[in-house]
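Peer 1: Take this structure first; my questions come after.
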């Protein structure tokens, strides 16, 4: 195998390794958040580097399916969770 090809393969492998390692370390906390918005209850699970990040992500995911438009989305994400379960 030629040297430039080998160097290219090593660079790609290193980048993939860094991406996998970074993804695994960001999943330190896992939560389930249930949001009740306009009479609709939706629960989502998310992971994050911190518990607050995981809660924010799960809330945004739950609201994404229920809210329509910017105003509803903002109101939904600012509402208190109906249920919050720390899974990890």
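Peer 1: Is it the case that some residue within the stretch 20-35 is part of a helix (DSSP H, G or I) and touching a strand residue (DSSP E or B) at 6+ places or on another chain (Cβ under 6 Å)?
Peer 2: The answer is no; no qualifying residue exists.
Yes or no, residue by residue, for (1) in contact (Cβ under 8 Å) with a residue 24 or more places away in the chain; (2) within 30 Å of residue 86 (Cβ to Cβ); (3) in contact with a strand residue (DSSP E or B) (Cβ under 9 Å, 6 or more places away or on another chain):
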{"residue": "10", "(1), (2), (3)": "no, no, no"}
{"residue": "38", "(1), (2), (3)": "yes, yes, no"}
{"residue": "57", "(1), (2), (3)": "no, yes, yes"}
{"residue": "66", "(1), (2), (3)": "yes, yes, yes"}
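Peer 1: Would you please name the residue that is surrounded by the fewest Cβ atoms within 10 Å (Cβ to Cβ), looking only at residues in the stretch 74-88 that are over 17 Å from the mean Cα position of the chain (by Cα) and in a loop (DSSP other than H, G, I, E, B)?
Peer 2: Once the filter is applied, the top-ranked residue is 80.
Peer 1: Continuing with this model, one more query. Which of the residues belonging to the stretch 48-73 are surrounded by fewer than 16 Cβ atoms within 10 Å (Cβ to Cβ) and farther than 14 Å from residue 36 by Cα? Give the derivation first.
Peer 2: As a first pass, look at the stretch 48-73 and keep what is surrounded by fewer than 16 Cβ atoms within 10 Å (Cβ to Cβ): 49-52, 64-65, 68-72.
Within the stretch 48-73, 49, 50, 51, 52, 68, 69, 70, 71 meet the criteria.
A short reminder: the numbers here are calculations on the coordinates, not readings from a lab. Source: prediction; values computed, not measured. A quick note on method: Cβ atoms are made from the backbone with ideal geometry, for glycine too, and the neighbour counts reach across all protein chains shown.
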